[in-house]
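Enquirer: One structure, pasted below without further comment.
A short reminder: the numbers here are calculations on the coordinates, not readings from a lab. Being a predicted model, the structure only gives us computed values, none of them experimental. When we count neighbours, we look across all protein chains shown, and the Cβ atoms used for this are built from the backbone with ideal geometry, even at glycine.
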Amino acid sequence: MIQAFVLSLLFSVSFTYASAPALPWSPGPLDVYSSFFELSAVERAGVDFRIFSAAREPRSFLVLAIHGGGIEFATSEIASAIAGADKSLYLFEGLKPVQGENRRLHITSHHFDEPRALELAASHELCVSIHGFPESIADRICPGGRNKPVISAVLAALSRAAPWIELGGDCGTLHGRHPRNIVNRCKNAGVQLEFSLALRQRMTEDRALFDSLVNAISTGAGEGARTLDLKLGKQNNRSAITPSQPNAMQQKLTVAADKYYIL
C-alpha cells in the first residue's frame with residue numbers, strides 16, 4: 001500500500017516536471033542594486049567598476065554594453081568593435097578580480113540610470129545594446145528593443161552572415177521592450193542583442209566569426225537607420241576601436257574624445 005503510494009507520488013512529480021515549460025538556461029539571481037545611485041554608494045569607481053564613454057558626432061548611433069567587463073563576458077569587446085571609429089560608445093564594466101563577484105554589479109536594463117548613459121541616449125538617434133545570457137549550449141542571439149525596422153535589418157544581416165546561428169527562440173523575457181530600458185531611451189529607440197554564452201565563447205576563439213557578426217550588426221543597423229531617413233554623416237578624427245583590435249579596451253586610450261569617468 002505504502003509502496004503503491006510512493007510510486008504514484010513519484011510518477012506525479014515526474015509528470016509535473018516533464019510537462020512544465022522550461023528554458024535551457026537559468027536567468028540568474030535577482031539584482032543586488034535597483035539603481036546606479038544604490039550601486040555607487042557601495043561599490044568603488046575605478047576599483048570595482050569603471051565607466052567609459054565616447055560621444056562621436058553627429059550622434060547617430062550609440063552602442064552600449066552596460067554589463068561589460070566581468071559582468072557579462074565579452075560584451076565590452078563586441079560593443080567596442082561594433083562602435084568602431086564612427087559610432088558613440090558607452091561601457092559599464094565590472095572590475096572585481098573574482099569573476100562571480102561581478103554579478104552583483106548587474107543592474108537590469110530598465111533600472112539602469114547612470115547619468116552619463118542617460119545623457120548619451122537622449123542625444124542619439126538610435127541605440128544598439130549588447131548583452132549576454134548564460135545559455136552554454138546553443139549559439140543563439142535573442143533580439144529585442146522597440147525599433148522594429150532596425151531589428152529586422154540587423155536580423156537579416158546576421159542571417160546572411162551566419163545562417164546557422166539561432167536568432168530568437170527560447171529567449172524568455174529577453175525582449176527589451178520596456179520603455180525605460182536604456183536601449184529604448186535613444187530618440188528612435190533601438191535594438192538589443194543578447195548573445196548566448198556559447199556564442200560569445202565561440203566568437204572569442206574564432207576571429208573570423210567575431211568580425212563577421214560585428215560587421216553584420218553594424219551593416220544591418222545602418223540599413224535599418226536608412227529606412228528611417230536618418231542622416232548619417234561622415235565622422236572624422238575619432239578613436240578607432242575596430243574589429244582588428246579585439247582587446248582594445250585593455251589598451252590605454254589617448255584620443256581626447258574618449259574618456260574614462262571616475263566618479
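Enquirer: For residue 178, project a label point 7 Å along Cα to C-beta. Then give me every residue of segment 91-125 with its amide nitrogen under 11 Å of that point.
Expert: Within reach of a label on residue 178, which here means backbone N under 11 Å from a point 7 Å along Cα→Cβ, segment 91-125 contributes 107-113.
Enquirer: What does the highest-first list of 124-130, 112-118 look like by mean Cβ count within 10 Å?
Expert: 124-130, 112-118
Enquirer: Rank by packing, highest mean first: peptides 61-71, 203-213, 101-111, 189-199, with packing defined as the count of other Cβ atoms within 10 Å averaged across residues.
Expert: Put in order of decreasing packing, that is 61-71, 189-199, 101-111, 203-213.
Enquirer: Check which residues have an amide H placed less than 5 Å from residue 67's amide H, if you skip close sequence neighbours.
Expert: 92
Enquirer: How charged is the neighbourhood of residue 174? Take every other residue with its Cβ under 11 Å from the Cβ of residue 174, and add Lys/Arg as +1 and Asp/Glu as -1.
Expert: Result for the neighbourhood of residue 174: -1.
Enquirer: Please compute the volume of the convex hull spanned by the alpha-carbon atoms of segment 28-261 and report it per residue in Å³.
Expert: 114
Enquirer: Please give the length that would be gained between residue 223 and residue 113 if that part of the chain were fully extended, namely 0.36 nm times their separation in residues minus their C-alpha to C-alpha distance (nm, one decimal).
Expert: Between residue 223 and residue 113, full extension yields an extra 36.7 nm.
Enquirer: Turning to a different aspect of this structure: Divide the volume of the convex hull of the Cα atoms of segment 129-186 by its number of residues and quote the answer in cubic angstrom per residue.
Expert: Given the Cα convex hull of segment 129-186, per-residue volume reads 87 Å³.
Enquirer: With contacts defined as alpha carbon pairs under 8 Å and 6 or more residues apart, what's the relative contact order of segment 28-261 in percent?
Expert: 27
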